[in-house]
Amino acid sequence: MLTVLMQFLFSGITVGAVYALVGLGFNIIYNATSIINLAQGEFVVLGGLLMWFFTESVKLPFFLSVILTLLSAGLIGLLMERLTIRPLRGAELLVMIMITVAVSIVLRGLIMFKFGKDPYGYEPFTSGEPLMIFGAVIQQQVLWVLGITLSLIFLVYLFFNKTMLGKAMSACAVNPLAAKLVGINVSKMIMISFVLSAILGAVGGIAITPISLMEYDKGPALAVKGFCAAIMGGLGQGMGAVVGGFIIGILESLTAGYIHSGFKDAVALVIMLAILVFKPSGIFGSKSVMQVRKF
Amino acid sequence: MKSKKHGFLKFLAVITVLFCFAAKGYSKEPYKIGAIFSVTGPASFLGEPEKNTALMLMDQINKAGGINGHPLEIIVEDSKSAEADAVLAAKKLLEKDNVLAIVGPSTTGESMALVPVMNNAKTPLVSCAAGYPITNPVNERYWIFKTPQYDVSAVEAIYTHMKKHGITKVGIVTIATGFGDAGRKALLDTAPKFGITIVADERYGAKDSDMTTQLTKIKAAGAQAVINWSVGPGQVVITKNWHDLKLGIPLYQSHGWGSKKNIELAGKAAEGVIAPLGRLVVWDKLPDKHPQKALLKKYESDYKARYKGEPGTFGGHAYDAVMMVVEALKKVGPDKAKIRDYIEKNIKKWPGTGGIFNMSEKDHCGLDMTAFEMVTVKNGDWEILK
């Protein structure tokens, strides 16, 4: 029985790590702009598919492919900000969010033209048998995803709390006008935040594609769950997205295991709603910050 | 002014005549067939190869001189995988283009939406979707045919194989889409007939990235085999999970498994997976005298040469649908009622990509479980199980 429970937990951790990585991407743009970037899922897809393109199609070495993938994703994030967000600066926040939806649809279309509708995958980072813990199986790639997620949280934390650039970025979100008055280049900060979150999304895509495969229309599904993870943990809280992601993943898996797999999405989302009813700012969010921000 | 206008009309007339001669000397008017496929939307993995196949056949037939000297014109409409758009497309084809027959749509839902439309218009429809109710009850589906094998036939093929190997307790896992729903129903309904007990009945979402929970549960429930019913990346993910967990029980897939791409993506995890597949994917392993071999070979190589991809089982459904209508047109000419009668009465022992068709008044699909071969994966390639 323990083995079965362990297997359910591992499955939940596998899925949860994916949600956590996506959720983290939402937080960066949110922290800098208060915008919810609903094209975040497409950056994850881009990460996976570009990585496939560089390693399997162009046959470049692994690390070079990673760098090229991240650069391309960053560039696309930059273009997105320059072409769609910047011209509309000063528009309502809600309008901006709608724009990100439009971008996600356009990106999905472009990805479909380039890659078609088939799923893609490549070898895990390290080959070898999956690990056995208490008789339950966990894929090596899941450990990679976990490791990458944890180090990214650490880096994101350092960036927003210990560097000038990161602090300046958070200031932009809280009050753009005041940030401008103290000499912060707000438009540059917004641009950087889009580049960063595109790269973060791409990292996620690179890491999860060997587990779940990647196809052009996986973005919205990833974005919804990642977004849930982010708001459950408290929007803008790096650690929150991760905890939220794992909670949702594990709940889904336990529901599938002990109740029925048909209910897994519903139960996880109902529990998320319940948490938000009792603590609207999310697990790690603070009430006072919520009141200052528009979303 | 008047003479000038007449001059222009004359000029137009001359040009038109010239064009008629230029078009390979067709003097007869074209035969128009409508085609409705889910070229975009969630079912586009069906619609795309179907559209490609229909257009390829049209070019091939016209290059070879058309149908009794009449050029063939296939007008393809995109239903966007939606019932309402399929109905609109059918109305446009029937009323504006005056087509003689329609092939498609790609999905069961869209095909069902067209049943009353086609019955009212008294025009034959050859659907490319698999659902049982598309052609049943037959007396209410006078104008409706379909080319894909029934889901039930694929299930029967699997259960027959299981029975032969002494498997009686089975766990099923199905994708939460129309394809999975139909498969799940067929699996549950048919099991008692073969003395098979379903000990676990699990589901998963189309974009899920891990199914170890479902598989663990199935194994814990005492199943002797797992059947997965899905199309898309889910069937690869589940194959990898099955391999990683070392469940020690065989994995059966549905007839949606028949793409080389799945073997590539699953790698060595795919070894030993069993599935009932149409003969399109294993044509090179058929005996030379098999009636389907030559046409499968030609279809696959033509398709690959033109589109740089596999046609897959789904493209084959459109091939069969178009060729049935074309043969009827060749024999009976542009008469909707006669085309219908020809398909019902004369498509017998008719080799297509999906199997050897035997249409009748009682069966507007004409395929049973003999349309499938039980195929396993061995050394990264398909192998027919005897």
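Since every read-out is calculated from the coordinates, none of them should be taken as a lab result. The structure displayed is predicted, hence computed values, not measured ones. All Cβ positions, even for glycine, are placed from backbone atoms using ideal geometry, and neighbour counts span all protein chains on display.
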TODO: Show that you can apply the helix-only estimate: for chain B, add -39,500 (n - 2.57) for every DSSP H stretch of four or more residues, divide by all residues, and state [θ] at 222 nm to the nearest 500.
DONE: -14000 deg cm²/dmol
TODO: Grab the eigenvalues of the alpha-carbon gyration tensor for region B:40-106, scale each by 5, take roots, and send me the semi-axes largest first in whole angstrom.
DONE: 23, 16, 6
- [ ] Rounded to the nearest 10 degrees, what's the angle between the helix A:140-162 long axis and the longest principal axis of chain A, both from Cα atoms, 0 to 90?
- [x] 20
- [ ] Largest first and to the nearest Å, give the Cα extent of region B:149-221 along each principal axis.
- [x] 33, 30, 15
Task: Computed [θ] at 222 nm, deg cm²/dmol, chain A (DSSP H ≥ 4; -39,500 (n - 2.57); rounded to nearest 500) - done: -23500 deg cm²/dmol
Task: Tail weight of P(r) past 28 Å, computed on alpha-carbon pairs of chain B, percent - done: 48
- [ ] Please order A:ARG86, A:ARG108, B:ARG184, B:ARG279 by the number of other Cβ within 10 Å, starting at the fewest.
- [x] A:ARG86, A:ARG108, B:ARG184, B:ARG279
Task: Separation of the A:LYS162 and B:GLN60 label points, Cα + 7 Å toward Cβ, nm - done: 6.6
Task: Residues of type aspartates and glutamates that B:LYS308 reaches as a straight line, Cα spacing below 15 Å, ignoring anything fewer than 8 places off in the same chain - done: A:ASP118, B:GLU48, B:GLU50, B:GLU300
TODO: On a C-alpha basis, how far is the centre of region B:183-257 from the centre of region B:317-353 in Å? Whole number, if you could?
DONE: 38
Task: Cα-based radius of gyration of region A:90-144 once divided by 2.2 N^0.38 Å, which approximates compact folds - done: 1.96
Open item on the list: Please list, short to long, the whole-number percent of alpha-carbon pairs of region A:146-295 in consecutive 5 angstrom bins beginning at zero.
Closed with: 2, 8, 14, 19, 19, 17, 11, 6, 3, 1, 0, 0
TODO: Starting with the highest mean, order B:303-310, A:237-244 by the number of other Cβ atoms within 10 Å, averaged over the residues of each peptide.
DONE: A:237-244, B:303-310
TODO: Would you please state which residues of region B:334-349 a label at B:LYS122 would reach in this model, taking the label point 7 Å out along Cα→Cβ and a backbone N cut-off of under 11 Å?
DONE: B:336-338
- [ ] Would you mind checking the tilt of helix A:264-278 against the longest principal axis of the Cα atoms of chain A, expressed as 0 to 90 degrees and rounded to 10?
- [x] 40
Task: Residue-by-residue Karplus 3J(HN,Hα) for region B:355-362, coefficients 6.51, -1.76, 1.60, Hz, glycine and proline x - done: x, 9, 7, 9, 6, 7, 4, 8
TODO: Project the alpha carbons of region B:152-277 onto their principal axes and report the range along each, largest first, in whole Å.
DONE: 35, 27, 23
Task: Isotropic mean projected area of the C-alpha convex hull, region A:23-215 (nm²) - done: 12.2
Task: B:GLU50, B:GLU156, A:GLU81, B:GLU327 arranged by Cβ crowding within 10 Å, fewest neighbours leading - done: B:GLU327, B:GLU156, A:GLU81, B:GLU50
Open item on the list: If I stretch the segment between B:LYS348 and B:GLU383 completely, what's the gain in nm (0.36 nm per residue apart, minus their alpha carbon distance), one decimal?
Closed with: 9.7 nm
Open item on the list: Angle check, please: helix B:44-63 long axis (alpha carbons) against the longest principal axis of chain B (alpha carbons), in degrees 0 to 90, nearest 10.
Closed with: 40
Open item on the list: Just to be sure I understand the model, the point goes 7 Å from the Cα along the line to the Cβ. What's the resulting A:MET1 to B:LYS163 distance in nm?
Closed with: 3.9
Task: Projected label distance in nm at B:LYS338 and A:MET132, using a 7 Å step from Cα toward the beta-carbon - done: 7.1
Task: Segments B:260-268, A:173-181 sorted - mean Cβ within 10 Å per residue, highest first - done: B:260-268, A:173-181
TODO: Go ahead and run the numbers for FRET between B:ASN68 and B:THR370, Cβ-Cβ distance against an R0 of 41 Å, rounding to 0.05.
DONE: 0.80
Open item on the list: Out of all Cα-Cα pairs in the protein assembly as shown, roughly what percent, to the nearest whole number, are more than 46 Å apart?
Closed with: 28
Open item on the list: Inside 10 Å of the C-beta atoms of A:252-265, what's the mean count of C-beta atoms belonging to other chains?
Closed with: 5
Open item on the list: Set the bar at 23 Å for Cα to Cα. Now go through B:LYS32/B:LYS331; A:LYS59/A:LYS117; B:LYS240/B:LYS285; B:LYS193/B:LYS246; B:LYS28/B:LYS345; B:LYS219/B:LYS260 and name every pair that lies beyond it.
Closed with: B:LYS240/B:LYS285; B:LYS193/B:LYS246; B:LYS28/B:LYS345; B:LYS219/B:LYS260
Open item on the list: Counting only other chains, and only Cβ atoms inside 10 Å, what mean value do you get across the residues of B:198-210?
Closed with: 6
